[in-house]
1. Identify, from the list G157, G102, G201, the residue that is at pLDDT 95 or above and assigned to a helix (DSSP H, G or I).
2. Checking the conditions here, which among I365, I352 is closer than 23 Å to Y141 by Cα and not charged (D, E, K, R)?
3. Do you know which of the residues in the stretch 267-279 that are of a type outside the set (S, T, Y) and in contact with a Gly (Cβ under 8 Å, 6 or more places away or on another chain) is surrounded by the most Cβ atoms within 10 Å (Cβ to Cβ)?
4. So D304 ticks every box in (1) within 18 Å of G154 (Cα to Cα); (2) open to solvent by 50 Å² or more (accessible area, probe 1.4 Å); (3) outside any loop (DSSP other than H, G, I, E, B); (4) not aliphatic (A, V, I, L, M) but one. Which box is left unticked?
5. Answer yes or no as to whether R264 is under 21 Å from G201 (Cα atoms) and open to solvent by 70 Å² or more (accessible area, probe 1.4 Å).
6. Take the residues of the stretch 170-190 that are under 16 Å from S253 (Cβ atoms) and outside any loop (DSSP other than H, G, I, E, B): which is farthest from the chain's Cα centre (by Cα)?
7. Filtering the stretch 361-381 down to residues that are in a helix (DSSP H, G or I), of a type in the set (A, V, I, L, M, F, W, C) and open to solvent by 30 Å² or more (accessible area, probe 1.4 Å), which residue is nearest to Q206 (Cα to Cα)?
Amino acid sequence: MAAPRIRLGMVGGGRGAFIGAVHRIASRIDDKYELVAGALSSNPENAKASAEDLLIAPDRAYSSYEEMFKAEAARDDGIEAVAIVTPNHMHFPVAKAALEAGINVICDKPVTRTLEEALELEQLVKKSDAFFALTHNYSGYPLVRYAREMVERGDLGNIRIVQVEYPQEWLTEQQDSDNKQASWRTDPARSGAAGCLGDIGTHAFQLARFISGQKVTSVCADLTAFVPGRPVDDNVHVMLRFEGGAKGMLWSSQVAPGCENGLRIRLYGDKAGLSWSQENPNEMWFTPLGAPQQRITRRDDYWDSEFAVRGIRIPFGHPEGYLEAFATIYNDVADVLQAKREGKTVDIESWIPGIDTGVEGLKFITAVLASSEADSRWTEL
């Protein structure tokens with residue numbers, strides 16, 4: 001018998017919010033969640049209208065997250081988890097309140113606006129019985145997970161070089177103030193001190209860490225705000241040193257005309273090289289030293305990998321992409337929460353980006369900002 005759906009609440013993500021819709025779609029793809037409550041906007045009228053759009057019952061459409069957590073805690077059918085899909089500055093207070101109420105958290109990245117907040121949240125997570133997940137969704141792609149396993153089993157040999165990039169073009173020019181997506185991402189009060197770095201640079205960093213399995217020990221960075229008057233960076237260059245001896249480079253940019261969503265990674269060991277691109281996520285290229293290049297596709301008939309196969313839902317040859325990868329994170333979290341209902345644990349907890357990933361991401365942001373401010377001096381994480 002199928003387990004009951006997880007009762008999900010949402011903070012943020014009302015009308016006009018791109019990432020809120022993505023989270024809702026991702027939560028429903030594997031049919032393990034039901035959105036039953038929401039504090040969908042700081043504007044009460046928009047919060048109510050957004051809840052009506054999503055068929056949330058009027059008595060479970062809240063004007064604040066504090067109101068929602070208090071009311072839902074008093075219900076026998078109250079929410080079991082909350083998705084936090086607000087601008088960065090609200091991640092910490094909402095996650096803190098949820099954890100203190102014993103509610104499981106699914107938080108968009110970066111985990112908080114500052115490292116100090118991330119470290120405080122880490123202590124709250126450790127003290128809480130609630131589960132905390134961070135939606136670094138690109139680690140949900142089957143081929144990304146398979147690449148990680150290839151590295152772990154030594155197919156590339158000793159990793160020497162990690163090159164990762166994430167260029168976009170959408171902030172090449174100054175945006176109108178009514179562009180909600182641009183306005184908060186370029187406002188330090190809401191995004192934090194990092195602009196492009198925090199928005200997409202953290203995705204590139206997490207992808208490099210996730211596949212290579214090596215921690216970054218120090219960075220040498222150069223951040224730029226090319227658009228006049230922009231108070232946060234819109235282009236990032238970082239050299240990386242890894243604890244396992246690998247060297248790397250990270251480039252993220254939101255002022256690169258012709259680049260739509262160009263997340264790409266290349267890894268080179270002493271036995272082989274590997275490359276994967278998010279814009280063509282159903283294939284990966286593997287090149288053994290001295291042998292022809294091999295195309296690896298997303299398929300489950302020859303993969304001996306539960307980890308990678310969990311993200312495959314349809315037969316190979318049918319494309320799966322961004323929403324499905326996002327859904328894999330939600331699916332993994334659902335299995336953890338359903339096991340918690342029964343007083344059990346599941347092995348997949350270690351696969352899911354959590355508070356450790358979030359803290360490491362903020363340490364990366366902090367070190368990159370410090371390095372760039374110090375004229376690109378090498379800076380430890």
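The values are calculated or read from the model by the stated rules, or taken from the named source; none is laboratory data. This is a predicted model, so every value here is computed, not measured. Neighbour counts run over all protein chains shown; Cβ positions are idealised from the backbone, glycine included. The accessibility values were calculated without ligands, DNA or RNA, using every heavy atom of the protein model including side chains. Shrake-Rupley method; radii C 1.70, N 1.55, O 1.52, S 1.80 Å.
1. Details: G157 fails: assigned to a helix (DSSP H, G or I); G102 fails: assigned to a helix (DSSP H, G or I).
The conditions single out G201.
2. Numbers: I365 fails: closer than 23 Å to Y141 by Cα.
Going through I365, I352 in turn, the sole match is I352.
3. Step one: list which residues in the stretch 267-279 are of a type outside the set (S, T, Y), which gives 267, 269-274, 276, 278-279.
Filter again for in contact with a Gly (Cβ under 8 Å, 6 or more places away or on another chain), leaving 267, 269-272, 278-279.
On the way: L267: 24, G269: 20, D270: 10, K271: 14, A272: 19, Q278: 20, E279: 12.
Here the answer is L267.
4. Only one criterion in (1) within 18 Å of G154 (Cα to Cα); (2) open to solvent by 50 Å² or more (accessible area, probe 1.4 Å); (3) outside any loop (DSSP other than H, G, I, E, B); (4) not aliphatic (A, V, I, L, M) is unmet by D304, namely (3).
5. Details: under 21 Å from G201 (Cα atoms): yes; open to solvent by 70 Å² or more (accessible area, probe 1.4 Å): yes.
It is true that R264 is under 21 Å from G201 (Cα atoms) and open to solvent by 70 Å² or more (accessible area, probe 1.4 Å).
6. Per the stated criteria, the residue is A182.
7. Step one: list which residues in the stretch 361-381 are in a helix (DSSP H, G or I), which gives 361-373.
Next, only the ones that are of a type in the set (A, V, I, L, M, F, W, C) stay: 362, 364-365, 367-370.
This time we only want the ones that are open to solvent by 30 Å² or more (accessible area, probe 1.4 Å), so: 369-370.
On the way: L369: 17, A370: 19 Å.
Among those that are in a helix (DSSP H, G or I), of a type in the set (A, V, I, L, M, F, W, C) and open to solvent by 30 Å² or more (accessible area, probe 1.4 Å), it is L369.
Residues are listed down the side, and each one gets a yes or a no for (1) open to solvent by 30 Å² or more (accessible area, probe 1.4 Å); (2) under 23 Å from G12 (Cα atoms):
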residue	(1), (2)
N104	no, yes
E117	yes, yes
F132	no, yes
T135	no, yes
E152	yes, no
